[in-house]
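Scroll down for the structure; my scribbles are underneath it.
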Amino acid sequence: MRLRLRYCMLLLVSLPVLAQKPKTGLSFTSSKQQQISVYKGTIIVNGNKTFHFAEDSINYASKRNRIEEDKGNVFLFLDVKAGPKKNRLYVFSINNSVADSILTTVSSDIKDWDHDGLLEFGGSELAEPHPSADSIYYLPAKFYEIRKGRIEYDAEYTEKIDKKVNGTFIANPVGTNGRNKAIPKPKGRP
């Protein structure tokens with residue numbers, strides 16, 4: 001009898017969790033009191049529909065969806081599903097009730113990765129296996145940072161991560177065949 005009672009109590013407690021709908025919208029307010037909403041693939045700023053994704057593949061439950069402000073500029077970050085590849089991070093500049101798409105990169109946390117006091121984000125795509133066991137395709141990273149109210153390429157941190165991952169840095173990693181260049185497999189890498 002007690003076992004049945006416990007089972008019924010557990011079922012009653014878990015029903016609300018099972019009934020929750022997936023999140024389909026986001027809402028933010030900037031320090032300038034701009035109302036920024038994202039609903040069913042549409043970005044709405046102060047009541048104006050300013051951007052619409054062709055396909056609503058926004059990962060609404062992601063903690064990477066957020067706004068960041070720097071030097072009076074507001075940036076909206078949206079984590080978007082990208083199939084078998086890594087998710088994408090879409091970055092928008094919010095100004096005068098308009099959302100301008102400024103870049104798309106590999107989805108990552110937005111934080112001070114290199115401890116320089118600035119927020120960075122970005123990364124590298126998934127590695128494609130090389131046919132030779134002693135080589136790998138160079139896996140370039142691309143990191144950005146929020147600096148002086150703008151989004152800028154972070155060359156120093158990108159080079160540091162490329163050297164860590166690939167054992168070297170190649171400024172132009174794409175070969176004539178359109179693929180990333182092949183390099184010897186770094187020591188200690190499987």
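The values are calculated or read from the model by the stated rules, or taken from the named source; none is laboratory data. A quick note: this is a predicted structure, and the numbers were derived from the prediction, not measured. All Cβ positions, glycine included, derive from the backbone under ideal geometry; neighbour counts span all protein chains shown. Only protein heavy atoms, including side chains, enter the accessible area calculation; ligands, DNA and RNA are left aside. Shrake-Rupley method; radii C 1.70, N 1.55, O 1.52, S 1.80 Å.
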Using a simple spin-label model with points 7 Å from Cα along the Cα→Cβ vector, what separation in nm is obtained for His115 and Thr29? 3.7 nm
Region 87-183: relative contact order from alpha carbon pairs under 8 Å, six or more residues apart, as a whole percent, is 18 percent
Per residue of region 144-154, what does 6.51 cos²θ - 1.76 cosθ + 1.60 with θ = phi - 60° give for ³J(HN,Hα)? Whole Hz please, x for Gly and Pro, Karplus curve as stated. 10, 9, 8, 9, 6, x, 9, 9, 10, 5, 9
Theoretical gain in end-to-end length, Asp56 to Ala182 [0.36 nm per residue, Cα-Cα removed]: 41.8 nm
Remind me, relative contact order of region 23-170 in percent, using alpha carbon pairs under 8 angstrom and six or more residues apart? 13 percent
Determine which residues of region 113-143 fall in the zone a paramagnetic label at Lys160 would reach in this model, i.e. backbone nitrogen under 13 Å from the point 7 Å along Cα→Cβ. 113-121, 143
For Lys85, counting only lysines whose alpha-carbon sits under 24 Å away and dropping same-chain residues fewer than eight positions off, the answer is Lys23, Lys40, Lys63, Lys111, Lys142, Lys160, Lys163, Lys164, Lys181, Lys185
So what are the ³J(HN,Hα) numbers for region 73-81, from phi and the Karplus equation (6.51, -1.76, 1.60; θ = phi - 60°), rounded to whole Hz, Gly and Pro as x? 9, 10, 10, 9, 10, 10, 8, 10, 5
Can you give the local net charge around Glu152? Use residues other than it whose beta-carbon is closer than 14 angstrom to its beta-carbon, Lys and Arg +1, Asp and Glu -1. -3
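Which percent of the accessible heavy-atom area of region 25-107 goes to carbon and sulfur, probe 1.4 angstrom?
Values: 1910 of 4290 Å².
Of all accessible area on region 25-107, carbon and sulfur atoms account for 45 percent.
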